[in-house]
Amino acid sequence: MAPCRLPVLPVALLWVLVSSSSSSPSTVAPPRDLRISDPGLLGSLDVEWKPPAHIQTFNECTVKYKFEYRSAGDRDWKVIFTRKLKLRVGFDLSRSAEVRLQTLLQGRCTDDVEVQSDWVHATFQSPPQGKLESEVQNFQCIYHDWEYLKCTWQPGLLTPRGVHYGLYYWYQGLEQALQCGHYIQEQGINVGCVLQNLTQAEYQDLNICVNGSAAATLLRPLYTTLRLHNLAQPSAPEQLVLSVSAAQELRVAWSPPGGRVPPHCLEYEVQVAEDAGEAAAAWAIVSTQTETALTISRANQSHVSCVRVRGRTNIFCADQGFWSEWTQDCFSVSRKEDKQLFILIPVVLSLSISLIIFMLIGQCKKRSPAGKPLHAPMGY
């Protein structure tokens, strides 16, 4: 019996198979010359790099970059996939900026398998200035009615006399950082700022820096990044109306506040309480809702004497927000009943007296002879 023989492949075909399999790269070089620069935009830094050497040889593959960044101390990295060679991203300049980058190669040249390079790293640190205790304290901002931003602060612990504070801001769309045009002052020192016309800054990063200057003293600047929709505080709801239905159900209705606050972005909290005349009334939440009306059943409202409503930006438009002031209306069922009782008592008394007089007159007429007065005239 003849032995089994494997088919002999042509030498040319064998060379093609070997060469094609060996041409698929298993590694790719990382990007080159990764660097970070500060364009003076209060925390938005420019990061740029060059492609790996000889990357043009992989013309049948797509070259992308995985870019990760964070401020020192943050646990998580923010990730961007891009084909660009330059990005502008935001950092907290009070801490060092950290970035890392790698090349991603995928396509026909890799048999559609993604090949990743090693990471390259870079950091950036603003030159330190002043002691930490010289930085302003208690910095906070509220976006009132989606119309204006009010930020306030207090001087740092190491604040010399004659200090001058300035607030600067920048967001995507501005060519350069701008300074506050309307400061709030106490004893001649800037302790706050009101910014208007920030519609273009909504739903994006707003970079802010508050720095100070004093004679022969360096002060630590404060850097922060805000999102206006997370700082919004609407005005109180309007036109709170209470009414009682025929089924003795208490109906509460109100209108959204005015201003630029989108009505669909609001949620409301409704609370009720007893003892309207007492400052320490025990308020209880009965509803948190997006509708502008609520019906409280008779069983649940029998002892209610006060209703109040407030609003804030809901989770569909913001991660958080500030509650408005309360819209409040108080009443007392018992007082209404007493008032009705006080009205009825004089009426009942009047009717009773009239009835008594009428009965007495009737009895007197029955006792007197017909056609003769009760008392005869004098002289008869």
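The values are calculated or read from the model by the stated rules, or taken from the named source; none is laboratory data. Computed from a predicted structure; not experimentally measured. Virtual Cβ from ideal backbone geometry, glycine too; neighbours counted across all protein chains shown.
For (1) of a type in the set (Gly, Ala, Ser); (2) touching a helix residue (DSSP H, G or I) at 6+ places or on another chain (Cβ under 7 Å); (3) closer than 20 Å to Val28 by Cβ, each residue gets a yes or a no:
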| position | (1), (2), (3) |
| --- | --- |
| Phe67 | no, no, yes |
| Lys78 | no, no, no |
| Arg83 | no, no, yes |
| Arg88 | no, no, no |
| Ser96 | yes, no, no |
| Val99 | no, no, yes |
| Gln102 | no, no, yes |
| Asp112 | no, no, yes |
| Val115 | no, no, yes |
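Screening segment 198-262 for strands (runs of 3 or more DSSP E) wholly inside it with 1 or more residues that are closer than 24 Å to Ile285 by Cα and under 26 Å from the mean Cα position of the chain (by Cα) returns the ranges 238-244, 250-255. Scanning segment 112-170 for residues that are over 30 Å from the mean Cα position of the chain (by Cα) and among the charged types (D, E, K, R) gives Asp112, Glu114, Asp118, Lys131, Arg161.
Evaluation of Val194 against the conditions (1) closer than 30 Å to Asp38 by Cα; (2) modelled with pLDDT of 90 or more; (3) in contact with a Gly (Cβ under 7 Å, 6 or more places away or on another chain) shows that the sole unmet condition is (3). The one condition from (1) in contact (Cβ under 8 Å) with a residue 60 or more places away in the chain; (2) in the same structural domain as Val307 (by TED's automatic domain parsing); (3) surrounded by fewer than 18 Cβ atoms within 10 Å (Cβ to Cβ) that Ser243 does not meet is (1).
Considering each of Gly181, Gly162, Gly166, Gly192 in turn, give the residue that is surrounded by fewer than 20 Cβ atoms within 10 Å (Cβ to Cβ) and part of a strand (DSSP E or B). Going through Gly181, Gly162, Gly166, Gly192 in turn, the sole match is Gly166. The set of residues in segment 169-178 that are assigned to a strand (DSSP E or B) and buried (at least 18 other Cβ atoms within 10 Å of the Cβ) comprises Tyr169, Trp170.
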